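Trainee: Right, I'll just put the structure down here and ask away after.
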Amino acid sequence: IGAAHNQLAALIDNHMHWENQLNVDPRRVTWRRVVDMNDRALRSITSGLGGFHNGVVREAGFDITVASEIMAIFCLATDLKDLENRLGNIVFGYTRKNEPVTVRELNAQGAMTALLKDALQPNLVQTMENNPAFMHGGPFANIAHGCNSVMATTTALKLADYVVTEAGFGADLGAEKFFGIKCRKASLKPDAVVLVATIKALKMHGGVAKDQLGKENVKALEAGLKNLGKHLRNLSTFGVPAVVAINRFTADTAAEIAAVTKYCENFGVSAVECTHWADGGAGAEALARKVAELADSGAAQFRTLYADDLPLWDKAKRIATTIYGADDIIADKKVRQQLAQFEKEGYGHYPV
């Protein structure tokens with residue numbers, strides 16, 4: 001992914017160095033380079049220094065490789081042809097008339113796809129108990145959709161009766177992006193959701209200091225359970241039944257476990273203790289049986305949060321008000337103009 005990303009960066013600079021037939025404005029190139037570490041000294045640089053033969057002098061910079069747009073594209077691609085098409089759609093900069101320029105116009109998508117052809121095949125690994133698992137892709141959840149690849153998930157669905165996939169970064173951002181982007185784009189319809197919770201985290205939400213989390217504190221736990229409740233309400237908006245997995249550790253008491261279980265019952269949701277961190281698969285067997293039961297129940301009526309044809313601003317507002325509890329959203333004129341520009345360029349149907 002890093003090689004394909006930086007190959008495009010080199011081709012852009014090379015194009016501008018020679019005849020620049022696409023009339024790319026060096027001041028409006030949006031495609032940065034990537035390096036596989038968080039090196040803050042390279043975040044903002046000036047490239048092309050050292051004379052004519054080193055290309056066009058311009059402001060540039062490096063991101064970390066997993067933040068590459070190619071990583072996000074890679075994880076949403078369904079096959080090589082789809083990957084090549086998506087890479088061709090990348091807007092890497094703008095002309096002096098502020099018109100977008102794509103990778104397809106540069107004719108770079110074929111070479112980039114060639115570098116990624118082997119990487120697109122999911123990596124099969126196994127757990128310590130010999131269970132098969134695909135480890136494939138990793139787009140950042142704070143800037144992309146944060147899920148593993150569509151290729152891995154769809155392949156797994158052909159090979160097993162039940163497929164578990166992670167939608168991390170919390171059951172707000174993680175779940176919303178999994179449902180709203182990955183499931184929408186890959187036509188996936190989840191049958192059940194596992195919401196993982198820990199007693200210590202819930203007590204911290206209830207105001208307990210980090211060095212006091214090992215002590216029983218049911219009152220603080222009950223205050224912190226509001227956080228768990230918000231996540232459960234969020235999940236219910238997508239129409240997929242949930243089960244809460246209590247990741248139980250040695251300091252957790254029976255009274256604290258009982259408080260979480262009782263709270264979940266108010267939502268019509270089961271809470272299951274899990275000790276897989278200590279006992280391996282046996283420690284999560286009860287959870288597995290409950291998940292299978294939910295998945296087989298046919299109770300899921302999966303739905304996305306908004307329709308494709310909703311304006312971008314309204315999509316953002318729907319997410320903010322429904323998932324995060326905002327009353328409204330505001331933005332300065334520049335942000336609104338950018339959203340309007342995206343819609344003008346034909347991206348209004350995209351998820352947010």
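The values are calculated or read from the model by the stated rules, or taken from the named source; none is laboratory data. A quick note: this is a predicted structure, and the numbers were derived from the prediction, not measured. Glycine gets a Cβ as well: all are built from the backbone with ideal geometry, and neighbour counts include every protein chain shown. Note: accessible area is taken over every heavy atom of the protein model, side chains too, but ligands, DNA and RNA are not part of it. Shrake-Rupley method; radii C 1.70, N 1.55, O 1.52, S 1.80 Å.
Trainee: Need at least 1 residues that are more than 18 Å from Leu11 (Cα to Cα) and open to solvent by 50 Å² or more (accessible area, probe 1.4 Å) per element, so show me which strands (runs of 3 or more DSSP E) inside the stretch 75-131 make the cut, counting only ones lying wholly within it.
Mentor: Strands (runs of 3 or more DSSP E) meeting the threshold: 123-126.
Trainee: Go through the stretch 159-187 and give me each residue that's small (Gly, Ala, Ser) and assigned to a helix (DSSP H, G or I).
Mentor: Gly170, Ala171, Gly174, Ala175, Gly180, Ala186, listed by residue number.
Trainee: What do you reckon, is Val163 under 30 Å from Val24 (Cβ atoms) and either modelled with pLDDT of 95 or more or hydroxyl-bearing (Ser, Thr, Tyr) (or both)?
Mentor: Judged against the criteria, Val163 is not a match.
Trainee: Further, regarding this structure: Can you pull out every residue in the stretch 300-323 that is touching a residue at least 40 places away in the same chain (Cβ under 8 Å) and either within 16 Å of Pro351 (Cβ to Cβ) or open to solvent by less than 60 Å² (accessible area, probe 1.4 Å) (or both)?
Mentor: Selection gives Ala300, Phe302, Arg303, Thr304, Leu305, Tyr306, Asp308, Asp309, Leu312, Ile319, Thr322, Ile323.
Trainee: Across the stretch 324-352, what is the total count of residues that are surrounded by 13 or more Cβ atoms within 10 Å (Cβ to Cβ) and among the charged types (D, E, K, R)?
Mentor: So the answer is 2.
Trainee: A further question follows. Within the stretch 230-257, can you find the residues that are of a type in the set (A, V, I, L, M), within 18 Å of His205 (Cα to Cα) and out of contact with any Cys (no Cβ under 9 Å at 6 or more places or on another chain)?
Mentor: Selection gives Ala251, Ala255, Ile257.
Trainee: Taking Asp172, is it acidic (Asp, Glu), over 19 Å from Ala295 (Cα atoms) and not assigned by the TED database to the domain that holds Glu293?
Mentor: Taking the combined requirement at face value, the residue satisfies it.
Trainee: Determine the pairs where a residue that is outside the structural domain of Asp79 (by the TED database), located within the stretch 122-151, has a partner that is of a type in the set (D, E, K, R) and outside any loop (DSSP other than H, G, I, E, B) with Cβ atoms under 6 Å apart, the partner being 6 or more residues away or on another chain.
Mentor: His145/Lys177; His145/Lys182; Gly146/Lys177; Cys147/Lys182
Trainee: Does Glu69 satisfy being open to solvent by 50 Å² or more (accessible area, probe 1.4 Å), modelled with pLDDT under 95 and among the acidic types (Asp, Glu)?
Mentor: no
Trainee: Moving on. Could you grab me the full set of residues in the stretch 154-175 that are open to solvent by less than 40 Å² (accessible area, probe 1.4 Å) and touching a Leu at 6+ places or on another chain (Cβ under 7 Å)?
Mentor: Ala171, Ala175
Trainee: Let me confirm something: among Asn14, Asn6, which residue is assigned to a helix (DSSP H, G or I) and more than 23 Å from Asp118 (Cα to Cα)?
Mentor: Every option except Asn14 fails the conditions.
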